[in-house]
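See below for the structure under consideration.
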Amino acid sequence: MKTWANRIAVATIALCVSACTAMPQSGATWESLFDGKTLDGWTPKIRGFPLGENYRDTYRVRDGAIVVDYSKYDQFSERFGHLFYKDAIRGPYRLRFEYRFLEEHPADTPAWAIANSGVMIFGEDPKGMAVRDSFPVSVEAQLLGPAPGQTRFNGNMCSPGTNVVIDGKLETTHCINSKTPSGPNGVWAEFEVEVDADGTVTQKINGVPTIVYSAVQLDPEGKMANSKPLVAAAGGKLMLDGGTISLQSEGNPIEFRKIELLRK
């Protein structure tokens, strides 16, 4: 009886330690990163334009949401963009927001970019990006909606200038799909990224995990040109513990709202 009692006590302590580790810090609350009225605290970087230039009001606020809008464009012309939050974010944390894809898009939006967007995490400082850069070195927590003639999954992971570990294996493939089918366009969904203290990243759609990865690191091979200078600037250090976050404008209108951060 004493042996079983000891085992139960040990198991109870282990469960408590695990639960306490997963819980946010005492008194931690969700911080709003978007005031619902302005783009204060957010800076655009659109391909072909300097940091801070919001070409043809690509990013605007409407009805309490940040809207990626192409109504003032003549054509998309691969003007990929990102709206950067003012502060770099280090783990552990949880980031959540609601999003929905809109249907109309420029006629020259690439087929792969239709109903395609995401939030970039572990990102580089946009001050170091060249005017013609399409994407920051980062990890893209990818959002996909349905598109004509394509089988789509949602909550995927793409890695411009980075690599990650999945199931113990270093993944150098640019995009890794989840097994979560894409939901309908035009409908609000909640997306969450959780970064644990050990570097494990879990992405969720409406509270359900879609993909898990860890050990986010710079790509030393330079498959994306601006990753090598970052490796050199870090003295050869590859592992990342955080970085900028940014919302994509990738050729399809999308809305983001209720953008919140919880520091764990």
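Could you please let me know if Phe80 is touching a helix residue (DSSP H, G or I) at 6+ places or on another chain (Cβ under 6 Å) and either of a type in the set (Ser, Thr, Tyr) or under 22 Å from Val193 (Cβ atoms) (or both)? Step through it out loud before you land on a result.
Numbers: touching a helix residue (DSSP H, G or I) at 6+ places or on another chain (Cβ under 6 Å): no; either of a type in the set (Ser, Thr, Tyr) or under 22 Å from Val193 (Cβ atoms) (or both): yes.
Judged against the criteria, Phe80 is not a match.
What are the pairs with Cβ atoms under 8 angstrom where one residue, in the stretch 221-238, is within 13 Å of Gly123 (Cα to Cα) and the other, located anywhere, is of a type in the set (Ser, Thr, Tyr)? Sequence gap at least six, or different chains.
Ser227/Thr162
What do you reckon, is Leu247 touching a residue at least 60 places away in the same chain (Cβ under 8 Å) and within 13 Å of the chain's Cα centre (by Cα)?
Working: touching a residue at least 60 places away in the same chain (Cβ under 8 Å): yes; within 13 Å of the chain's Cα centre (by Cα): yes.
Spelling it out, Leu247 is indeed touching a residue at least 60 places away in the same chain (Cβ under 8 Å) and within 13 Å of the chain's Cα centre (by Cα).
Find the residue count for the stretch 197-207, including only residues that are closer than 20 Å to Gly168 by Cβ and surrounded by 15 or more Cβ atoms within 10 Å (Cβ to Cβ).
Keep residues of the stretch 197-207 that are closer than 20 Å to Gly168 by Cβ, which gives 197-203.
Subset that is surrounded by 15 or more Cβ atoms within 10 Å (Cβ to Cβ): 199-203.
Residues that pass the stated criteria total 5.
Quickly run through the stretch 241-264 and pick out the residues that are in a loop (DSSP other than H, G, I, E, B) and of a type in the set (D, E, K, R).
Initial filter on the stretch 241-264 (in a loop (DSSP other than H, G, I, E, B)): 241, 250-253, 264.
If the condition is that a residue be in a loop (DSSP other than H, G, I, E, B) and of a type in the set (D, E, K, R), then Asp241, Glu250, Lys264 are the ones that fit.
State whether the residues of the stretch 51-59 include one that is touching a residue at least 40 places away in the same chain (Cβ under 8 Å) and crowded, with 19+ Cβ neighbours inside 10 Å. Steps first, please.
So the first thing to find is which residues in the stretch 51-59 are touching a residue at least 40 places away in the same chain (Cβ under 8 Å), and the list is 51, 58-59.
Cutting the leftovers down to crowded, with 19+ Cβ neighbours inside 10 Å gives us 58-59.
For the stretch 51-59, residues touching a residue at least 40 places away in the same chain (Cβ under 8 Å) and crowded, with 19+ Cβ neighbours inside 10 Å: present.
How do the strands (runs of 3 or more DSSP E) wholly within the stretch 91-206 filter down when requiring 1 or more residues that are in contact (Cβ under 8 Å) with a residue 60 or more places away in the chain and out of contact with any helix residue (DSSP H, G or I) (no Cβ under 6 Å at 6 or more places or on another chain): which remain? Break it down into steps so the answer makes sense when it comes.
Working: elements: 93-101, 116-123, 139-144, 156-158, 162-166, 169-171, 189-195, 201-205.
Where strands (runs of 3 or more DSSP E) fall fully within the stretch 91-206 and carry at least 1 residues being in contact (Cβ under 8 Å) with a residue 60 or more places away in the chain and out of contact with any helix residue (DSSP H, G or I) (no Cβ under 6 Å at 6 or more places or on another chain), they are 93-101, 116-123, 139-144, 162-166, 189-195, 201-205.
Quick one: would you say Glu194 is surrounded by fewer than 17 Cβ atoms within 10 Å (Cβ to Cβ) and either farther than 23 Å from Gly81 by Cα or over 17 Å from the mean Cα position of the chain (by Cα) (or both)?
Numbers: surrounded by fewer than 17 Cβ atoms within 10 Å (Cβ to Cβ): no; either farther than 23 Å from Gly81 by Cα or over 17 Å from the mean Cα position of the chain (by Cα) (or both): yes.
Judged against the criteria, Glu194 is not a match.
Answer yes or no: is there a residue in the stretch 130-142 that is farther than 23 Å from Leu51 by Cβ, modelled with pLDDT of 95 or more and hydroxyl-bearing (Ser, Thr, Tyr). Please lay out each step first, then the result.
Narrowing the stretch 130-142 to residues farther than 23 Å from Leu51 by Cβ: 142.
Checking the rest, the ones that are also modelled with pLDDT of 95 or more come to 142.
Retained after the next criterion (residues that are hydroxyl-bearing (Ser, Thr, Tyr)): none.
No, every residue in the stretch 130-142 fails to be farther than 23 Å from Leu51 by Cβ, modelled with pLDDT of 95 or more and hydroxyl-bearing (Ser, Thr, Tyr).
Considering only the stretch 205-226, how many residues are more than 24 Å from Met129 (Cβ to Cβ) and touching a Phe, Trp or Tyr at 6+ places or on another chain (Cβ under 7 Å)?
1
Here is a yes/no grid of residues against (1) of a type in the set (S, T, N, Q); (2) crowded, with 20+ Cβ neighbours inside 10 Å:
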residue: Val216; (1), (2): no, yes
residue: Ala225; (1), (2): no, no
residue: Ala234; (1), (2): no, no
residue: Gln248; (1), (2): yes, yes
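With respect to Gly91, is the statement that it is under 21 Å from Val231 (Cβ atoms), small (Gly, Ala, Ser) and touching a strand residue (DSSP E or B) at 6+ places or on another chain (Cβ under 8 Å) true?
Details: under 21 Å from Val231 (Cβ atoms): yes; small (Gly, Ala, Ser): yes; touching a strand residue (DSSP E or B) at 6+ places or on another chain (Cβ under 8 Å): yes.
Judged against the criteria, Gly91 is a match.
Thr210 - would you say it is free of Cβ contacts under 8 Å to residues at least 12 places away in the same chain, among the hydroxyl-bearing types (Ser, Thr, Tyr) and crowded, with 16+ Cβ neighbours inside 10 Å?
Details: free of Cβ contacts under 8 Å to residues at least 12 places away in the same chain: no; among the hydroxyl-bearing types (Ser, Thr, Tyr): yes; crowded, with 16+ Cβ neighbours inside 10 Å: yes.
No; evaluated as a whole, the condition is false for this residue.
With the structure loaded, tell me whether Phe256 is touching a Leu at 6+ places or on another chain (Cβ under 6 Å), at pLDDT 95 or above and either farther than 20 Å from Val61 by Cβ or surrounded by 18 or more Cβ atoms within 10 Å (Cβ to Cβ) (or both) or whether it fails that test. Show your work before the answer.
Details: touching a Leu at 6+ places or on another chain (Cβ under 6 Å): yes; at pLDDT 95 or above: yes; either farther than 20 Å from Val61 by Cβ or surrounded by 18 or more Cβ atoms within 10 Å (Cβ to Cβ) (or both): yes.
Against the criterion (touching a Leu at 6+ places or on another chain (Cβ under 6 Å), at pLDDT 95 or above and either farther than 20 Å from Val61 by Cβ or surrounded by 18 or more Cβ atoms within 10 Å (Cβ to Cβ) (or both)), Phe256 qualifies.
Residues of the stretch 120-172 being under 15 Å from Phe80 (Cα atoms) and among the polar types (S, T, N, Q), which ones?
Ser134, Ser138, Gln142
Going by what's in this entry, would Thr173 be described as surrounded by fewer than 16 Cβ atoms within 10 Å (Cβ to Cβ), farther than 30 Å from Ser71 by Cβ and under 18 Å from the mean Cα position of the chain (by Cα)?
Numbers: surrounded by fewer than 16 Cβ atoms within 10 Å (Cβ to Cβ): yes; farther than 30 Å from Ser71 by Cβ: yes; under 18 Å from the mean Cα position of the chain (by Cα): yes.
Yes.
The values are calculated or read from the model by the stated rules, or taken from the named source; none is laboratory data. Since we're looking at a predicted model, the values are computed, not measured. Virtual Cβ from ideal backbone geometry, glycine too; neighbours counted across all protein chains shown.
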